[in-house]
Amino acid sequence: MLWIYRLYSSNDRKDSGRLNKLIIFTDLDGTLLDADTYSFAEASPTIQLLRERHIPLIICSSKTRAEIEHYRMLLENRHPFISENGGGIFIPKAYFSPTAVPTHFKIVSGSRYDTIELGTRYGDLCAVLHDLRQEGYLVKGFSDMTVAEVSELTNLPLHEARMAKQRDFDEPFLFEGDVTDSERLSTAIQTRGFTVTRGRFFHILGNSNKGMAVEILTELYKKQLGEIVTVGVGDSPNDIPMLKAVDIPVIVQNPDGRYDPAVDLPELMRADDIGPKGWNTAIAKLLSLFLPSE
Ligand SMILES: [Mg+2]
């Protein structure tokens, strides 16, 4: 029997009512994970509640597959995930019905996942950054840095910095320049047919984004479950496509206690606190709204 059917058909879940149909997409850096320590401890109470209620929590991050697998293990999460700003959708084997998975995408079937690849080849992204550097733009990508440099820059321990360098679809980079320079850089990247976005770093990627990947997974869940309600939680401009693709977009505060001014959507739910602490209270509040009345 398929995992998702097992999840939603057991008798002991009768009490979860409409909660059965809630799907939560979340960013990691600065959202579920503390911007400095990468800890999700402050979100643990609500994460636990989601596990008990069997509500899918879908990680949707600019992080790599290796990094997300690391956090999925810590979170005891067995749901699909979206890597590198929407470059790859990793669906555990036998999670959805095979007929539900759309055939018009590039799908790589591995031993653990069926992967829908939406992103552009990593080598092509690095080549564009190389060309831009030749043109005088002061850009430096993860591929130009050692593991130690990435570790120092990101505050990640060495073994996680190594995972962060195992990239397939998205290259984070540093850029030295003012706002005008960064606008020129954005135009230069876009005219080459690529996309630039911003989270903790600048990122260059192909025409994929978090929103496209969220829409594909949402369709898959709808095929299996019927009507669902989707929630998205983020903190930065690279989350905007994800937040636009969900029914209930949520933004958490940055470490300075403010909301990123670039993320301004109608109906945006603003969490009352920073990163994982805000995540915890905002999702708990949504769960209380969706809890069936006794
Ligand atoms: Mg973030």
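Laid out as a table, the results:
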| item | result |
| --- | --- |
| Hull shadow area, averaged, the range 17-75 [alpha-carbon convex hull, nm²] | 4.1 |
| Mean separation of Cα contacts under 8 Å (6+ apart) over length of the range 122-205, as relative contact order % | 30 |
| Selection from 132, 43, 90, by position along the positive dipole direction of the chain (Cβ) | 90 |
| Shape call, the range 122-205: gyration tensor on alpha carbons, a/c limit 1.5 | prolate |
| Where only alpha carbons of the range 213-282 are counted, the Rg and the Dmax (Å) | 12.8, 41 |
| Inter-label distance, nm, simple model (7 Å from Cα along the C-beta direction), residue 48/residue 176 | 4.8 |
| Residues with amide H under 5 Å from that of residue 114, placed H, sequence gap 5 or more | 91, 93 |
| Cα centroid separation - the range 220-259 against the range 73-94, whole Å | 16 |
| Reference-scaled alpha-carbon Rg (2.2 N^0.38 Å with N residues) for the chain | 0.99 |
| Those residues of the range 185-224 whose amide nitrogen sits under 15 Å from the label point placed on residue 256, 7 Å along Cα→Cβ | 200 |
| Inverse of mean 1/r across different Cα pairs in the range 56-95, Kirkwood, Å | 9.9 |
| Amide H within-cut-off set for residue 254, under 5 Å, with H built and near neighbours excluded | 259, 260 |
| Cβ-placed point charges (K, R +1; D, E -1), dipole of the chain about Cα centre in debye, nearest 20 | 1180 |
| Equivalent ellipsoid semi-axes - Cα gyration tensor, the range 142-294, angstrom | 30, 19, 17 |
| ³J(HN,Hα) computed for each position of the range 157-174 - Karplus, 6.51 cos²θ - 1.76 cosθ + 1.60, integer Hz, glycine/proline x | x, 3, 5, 7, 4, 5, 5, 5, 8, 7, 9, 10, 9, 7, 10, x, 8, 8 |
| At R0 = 25 Å, FRET efficiency that the Cβ-Cβ distance of residue 108 and residue 225 yields, to 0.05 | 0.50 |
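Read-outs: derived from the displayed coordinates by stated rules, not from any lab. In this text, all values refer to a predicted model and were calculated from it rather than measured experimentally. Reconstructed Cβ throughout: ideal geometry from the backbone, glycine too, with neighbour counts over all protein chains shown.
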